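Worksheet: the structure to be examined is printed underneath.
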Amino acid sequence: QVIKCKAAVMWESNKPFSIEEVEVAPPKAHEVRIKIVATGICRSDDHVITGGLIMPFPIILGHEAAGVVESVGQGVTSIKPGDKVIPLFVPQCGECSSCLSTKGNLCSKNDLSSGAGLMPDGTTRFTCKGKAIHHFIGTSTFTEYTVVHESAVAKIDSAAPLEKVCLIGCGFSTGYGAAVQTAKVEPGSTCAIFGLGGVGLSVVMGCKAAGAARIIAVDINSDKFAKAKELGATDCVNPKDFKKPIHEVLIEMTGRGVDYSFEVIGRTETMAAALACCQYNYGVSVIVGVPPATQKITFDPMLLFTGRTWKGSVFGGWKSKDSVPKLVADYMKKKFVLDPLITHTLPFTKINEGFDLLRTGK
């Protein structure tokens with residue numbers, strides 16, 4: 001059965017979302033149709049609107065959500081209608097080289113790299129006003145119903161509060177994992193986090209959970225500092241308060257540079273600063289924010305020659321299908337909190353107000 005429901009359609013770049021009635025086709029073989037109960041807003045969605053992340057229009061954005069399975073296509077055995085689930089923007093096919101490696105998590109079936117905006121079979125399940133609408137990184141959660149591939153959905157604890165654990169679909173897992181999985185922060189170490197949005201704050205939580213002795217939070221919006229301290233930051237630094245470059249400030253504060261730095265914004269200048277502020281020989285810098293399309297970084301290779309490690313992290317390095325149910329279980333056991341990451345709760349029809357709050361740093 002085709003389902004007619006409300007969705008926030010982005011018809012073209014740099015325009016508001018349009019709440020439209022869309023038709024959502026039934027799931028094909030190895031696909032799952034989900035009723036979305038709660039979705040978070042992430043800067044990566046905004047990057048598509050502004051052109052920082054290139055995707056085809058019209059499109060239904062959203063990738064951080066939780067919901068209930070409405071129906072499944074033929075051949076789906078791991079999930080049934082009524083199950084509580086989280087859609088996965090990084091799938092886990094279990095067969096590609098990254099899935100088979102203990103070191104990798106970026107499944108080759110992901111749509112982040114290709115940006116096709118379609119299901120794995122090259123078609124879409126959404127239509128609106130007779131037009132085909134693109135999917136976003138295999139999830140598309142700004143709609144009452146969505147269709148995802150079986151490799152891109154995780155069944156979770158039926159008792160989990162969906163309006164909170166939806167954050168495990170992106171923001172929390174991405175930041176927390178960047179610290180504990182990608183960087184493998186050690187007890188007693190010193191960390192710097194550039195950018196204190198939901199993902200940056202999750203990095204702070206990850207560094208604290210890993211036992212870091214000093215956690216330096218960096219943001220040009222000082223309003224973010226109180227929450228960063230509540231979640232474990234030991235120092236808060238606003239680059240606007242200094243005449244000298246921020247990497248020099250951090251090296252002075254620590255005497256030698258930090259052990260681990262994280263760029264959680266998606267700006268080339270801060271990526272270069274994060275690399276420069278980590279210890280010259282064994283420092284590790286992790287890029288967590290989505291880099292802007294078409295921009296390049298120029299840097300002195302001596303920064304790497306002396307031994308630093310520069311790496312990227314997508315979805316916190318977690319193998320999605322395996323890890324998301326475990327992260328939800330950890331949340332249920334109170335191993336970490338999610339409430340401080342939720343600043344506002346709005347009805348779906350106010351999605352444009354939600355994005356205004358995101359853009360103004362609120």
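The values are calculated or read from the model by the stated rules, or taken from the named source; none is laboratory data. Just so you know, these numbers come straight off a predicted model, no measurement behind them. All Cβ positions, even for glycine, are placed from backbone atoms using ideal geometry, and neighbour counts span all protein chains on display. Ligands, DNA and RNA are excluded from the accessible area calculation, which covers all protein heavy atoms including side chains. Shrake-Rupley method; radii C 1.70, N 1.55, O 1.52, S 1.80 Å.
Points worth noting:
- Phi-derived couplings, Karplus 6.51 cos²θ - 1.76 cosθ + 1.60 at θ = phi - 60°, listed residue by residue for region 355-362: 5, 4, 5, 4, 5, 8, x, 9 Hz, with x used for Gly and Pro.
- DSSP bridge analysis restricted to the chain gives an antiparallel fraction near 60%, rounded to the nearest 5.
- Mean separation of Cα contacts under 8 Å, 6 or more apart, over the residue count of the chain: relative contact order %: 17 percent
- Residue-normalised accessible area of the chain, expressed per residue, 1.4 Å probe, Å²: 43 Å²
- Taking amide H as placed 1.01 Å from N in the peptide plane, Y145 has its amide H under 5 Å from the amide H of I36, each at least 5 places away in sequence or on another chain.
- Spin-label model distance (nm) - A116 vs K227, 7 Å beyond Cα toward Cβ: 3.7 nm
- Exposure here means at most 15 other Cβ atoms within 10 Å; with GluC sites (Glu not before Pro) in a DSSP loop as sites, the longest stretch of the chain lacking them is 96-362.
- Cα gyration tensor shape of region 183-312, rounded if a/c is under 1.5, else prolate or oblate by comparing a/b with b/c: rounded
- Surface accessible to a 1.4 Å probe, D223 within the full protein complex, Å²: 140 Å²
- Protein accessible area in the chain, 1.4 Å probe - carbon and sulfur %: 55 percent
- Accessible surface of M10, taken over heavy atoms with a 1.4 Å probe and every protein chain present, rounds to 0 Å².
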